[in-house]
Amino acid sequence: MFCSQCGRKAEEGAKFCAGCGAAIAGQPFVAGSQQTPPKPQRQIQDIFSKFAHLTKRRGCLISAGIVGSLFLLLIILAVLNGGEISFSTARISEAYMASKIDPVTSEPLIKKDIFPKRSTTRIYATALAKNIPSDTKFSAIWYHIPSGSNIRSENDVIANKDMWLNFSLTNPRGFVAGEYKVEILINDKVKKTLNFKVE
């Protein structure tokens with residue numbers, strides 16, 4: 001005889017299956033007959049339930065791993081950013097040095113990286129800012145590299161939309177010869193550095 005629940009062969013005269021504990025009900029097995037044991041549905045269900053448990057457990061482990069990785073990434077970003085995490089979408093898509101800009105749009109009209117020593121009285125750093133959330137602050141810091149001196153730009157800009165920005169440095173007597181750089185900052189974080197020379 002075979003168990004009708006799990007399909008296991010039962011001992012002759014047994015009232016319960018030794019495999020699953022179900023009551024043995026059925027006809028005695030006759031040798032040489034074509035009778036086949038019933039399908040072991042309970043065993044199949046047990047196997048599927050074990051795999052389902054493993055699949056759920058693996059899914060939980062994957063989810064925990066993703067959350068842990070994101071948390072670790074945020075910590076790394078904070079450390080690299082001086083202890084702060086900024087989610088501003090503002091960015092500088094283009095930036096140029098210029099000797100002349102459009103007075104309405106601030107777009108550079110004459111782009112230069114080298115300026116004449118005595119005849120240059122004003123130098124512009126221009127930047128096309130994109131994806132600007134409201135009240136985003138843009139500023140610039142100018143450096144004379146040989147002396148190590150620096151000065152903050154004459155004008156900070158608060159922007160609420162995509163636009164060209166300009167920062168200027170003025171010296172009515174002309175600029176000292178040498179290499180310079182200007183850092184363009186978004187909310188006091190350096191986002192772009194431009195190098196130029198006065199000769």
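Rule-based calculations on the coordinates, nothing more; no lab input. Being a predicted model, the structure only gives us computed values, none of them experimental. Don't worry about glycine lacking a Cβ; one is built from the backbone with ideal geometry, like all the others, and counts go over all protein chains shown.
What is the sum of charges around Phe175, taking Lys and Arg as +1, Asp and Glu as -1, for the other residues whose C-beta is under 13 Å from the C-beta of Phe175? Show your work: numbers first, answer last.
Numbers: positive: Lys112, Lys117, Arg118, Arg122, Arg173, Lys197; negative: Glu179, Glu199.
Once positives and negatives cancel, what remains is +4.
Could you please report the charge total around Asn166, scoring K, R as +1 and D, E as -1 over all other residues with beta-carbon less than 11 angstrom from its beta-carbon? Write down the numbers at each step before the final one.
Values: positive: Lys100, Arg122; negative: Asp102, Glu107, Glu154.
Combined, the nearby Lys, Arg, Asp and Glu give -1.
Mind giving me the nanometre distance, one decimal, between the label points for Lys117 and Thr89, set 7 Å out from Cα along Cα→Cβ?
Computed distance between label sites Lys117 and Thr89 equals 4.9 nm.
Taking R0 as 30 Å, what's the FRET efficiency between Asp162 and Phe71 from their Cβ-Cβ distance, rounded to 0.05?
0.35
Sort 111-123, 158-170 by the packing proxy (mean of other Cβ within 10 Å over each peptide's residues), most packed first. Each step should come with its number before you reach the end.
Numbers: 111-123: 14.3, 158-170: 15.9.
Highest-to-lowest ranking by the protection proxy: 158-170, 111-123.
Looking at the range 115-199 only, what percent of DSSP beta bridges run antiparallel? Nearest 5 please.
If I count the DSSP bridges inside the range 115-199, around 95 percent turn out antiparallel.
Of the listed peptides 57-65, 15-23, 178-186, what is their order by residue-averaged count of other C-beta atoms within 10 Å, with the highest listed first?
Result, highest mean Cβ count within 10 Å first: 178-186, 15-23, 57-65.
If you average the sequence gap of Cα pairs under 8 Å that are 6 or more apart and divide by the length of the range 91-198, what percent do you get for the contact order?
Here the relative contact order equals 31 percent.
Under 13 Å Cα to Cα from Lys111, which aspartates and glutamates show up? Leave out anything in the same chain fewer than 8 places away.
Glu94, Asp102
For the range 91-198, rounded, prolate or oblate, judged on the Cα gyration tensor with a ≥ b ≥ c (square roots of eigenvalues), a/c < 1.5 rounded, else prolate if a/b > b/c? Write down the numbers at each step before the final one.
Numbers: a/c = 2.13, a/b = 1.56, b/c = 1.37.
Prolate, since a/c reaches 1.5 and a/b exceeds b/c.
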